[in-house]
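Note sheet for the following structure.
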Amino acid sequence: MSAADILPPPARYRGAFLRLYRGEMRLILRRRRNQVLLAVLGLVPLFIGIAVKVSAPRGGDGPEFLSRVTGNGLFLVFTALTVAIPFFLPLVISVVAGDSIAGEAGLGTLRYLLTVPVTRGRLLAVKSLAVATFTALAVVLVAVVGLVVGAALFGLHALVLLSGDTVGIGSALLRTLGIVVYVSIALFGLAAGGLFISTLTENAIAAMAATVSIAVLSALLDAIPQLSGIHPALLTHNWLGFGELLRRSISVADLTRWTGLHLAYAAIYLSLAWSRITTKDITS
């Protein structure tokens, strides 16, 4: 009698789920394409830090926080995230999310994976958790590299908030952690959209491009003043809302509302993905 026969069903299912999750994460992180994309993300704060060190920006030039980097390396984290959010992070996340299921179908391994046996719902849950983990990992990578480079080039000091108040380094790091969490949740809304699109096709490239298009279309709509009425409901509208965490009086209501919107997008997309994958005729 094997250990699997002795374990009660819930423990056995948990063990199978964790094995699938670990296998999925290994697949994502060992793929050379994803490693290159993560390396590019890591270069974003490095290049910004070197550029600022060589030539300090004038007031008003560049993205928000850039002029404050020379006074405190922590601002390199916020600047790097501000630069990476509109393009680099969505691109990297779209590649992984779009490939998650469409890639398996295109290679002909999806059908065999479901004969392990693995229910379609559990497979989607594993894929979703793995993509969410990768999303958080990508954001953490930008933040950690920014923190290390900022500390090395400019030092870490008490943080002068956007409201003009000053907080200690401990509170500053805690706020930085909150920013990482907020951005990870915000971008998971896009990742969930990529998972849904990935269930619609066997062409991984098409799924990746369509996922990027979600962010591009949302950003375009957000840039049209005549559509200001729908701006608060757009996926990308509050991606840079983490600046609220850099004020003395944080608007918890606003952060809760924005985070709730991102989670609502994720829930809708994941529901559509579940509906699609549980009824899809998988032949490859």
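The values are calculated or read from the model by the stated rules, or taken from the named source; none is laboratory data. Note that the structure is predicted; figures quoted are calculated from it, not measured. We place every Cβ from the backbone using ideal geometry, glycine too, and count neighbours over all the protein chains shown. Only protein heavy atoms, including side chains, enter the accessible area calculation; ligands, DNA and RNA are left aside. Shrake-Rupley method; radii C 1.70, N 1.55, O 1.52, S 1.80 Å.
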TODO: Mind listing whichever residues of region 170-184 are open to solvent by less than 30 Å² (accessible area, probe 1.4 Å) and more than 15 Å from Gly71 (Cβ to Cβ)?
DONE: Thr176, Gly178, Ile179, Val180, Tyr182, Val183, Ser184
Open item on the list: Take the conditions in contact (Cβ under 8 Å) with a residue 40 or more places away in the chain and assigned to a helix (DSSP H, G or I) and apply them to Ala207. Does it pass?
Closed with: yes
TODO: Spot the failing condition for Phe196; the list is (1) open to solvent by 50 Å² or more (accessible area, probe 1.4 Å); (2) assigned to a helix (DSSP H, G or I); (3) touching a residue at least 60 places away in the same chain (Cβ under 8 Å), and only one is missed.
DONE: (1)
TODO: Return the only residue of Leu187, Leu272, Leu255 being in a helix (DSSP H, G or I), at pLDDT 95 or above and open to solvent by 40 Å² or more (accessible area, probe 1.4 Å).
DONE: Leu272
TODO: Inspect region 142-158 for any residue being within 16 Å of Phe78 (Cα to Cα), under 14 Å from the mean Cα position of the chain (by Cα) and of a type in the set (A, V, I, L, M) and give the result as yes or no.
DONE: yes
Task: Single residue of region 205-237 satisfying the filter (closer than 30 Å to Arg33 by Cβ and polar (S, T, N, Q)) that is surrounded by the most Cβ atoms within 10 Å (Cβ to Cβ) - done: Thr211
- [ ] For region 122-141, name all the residues that are open to solvent by 40 Å² or more (accessible area, probe 1.4 Å) and at pLDDT below 90.
- [x] Arg122
- [ ] Return the residue satisfying two criteria in turn: it lies in region 142-169 and is part of a helix (DSSP H, G or I) and open to solvent by 50 Å² or more (accessible area, probe 1.4 Å), and of such residues it is nearest to Val54 (Cα to Cα).
- [x] Leu153
Open item on the list: Step by step: first the residues of region 1-52, then only those that are of a type in the set (Val, Ile, Thr), modelled with pLDDT of 90 or more and loosely packed, with under 15 Cβ neighbours inside 10 Å, then the one that is farthest from Thr133 (Cα to Cα). Which residue is that?
Closed with: Ile50
Task: Thr176 under 22 Å from Asp254 (Cα atoms) and touching a residue at least 40 places away in the same chain (Cβ under 8 Å) - done: yes
Task: Residues that are charged (D, E, K, R) and either in contact with a strand residue (DSSP E or B) (Cβ under 9 Å, 6 or more places away or on another chain) or more than 23 Å from Ile268 (Cβ to Cβ) (or both), drawn from region 203-248 - done: Glu244, Arg247, Arg248
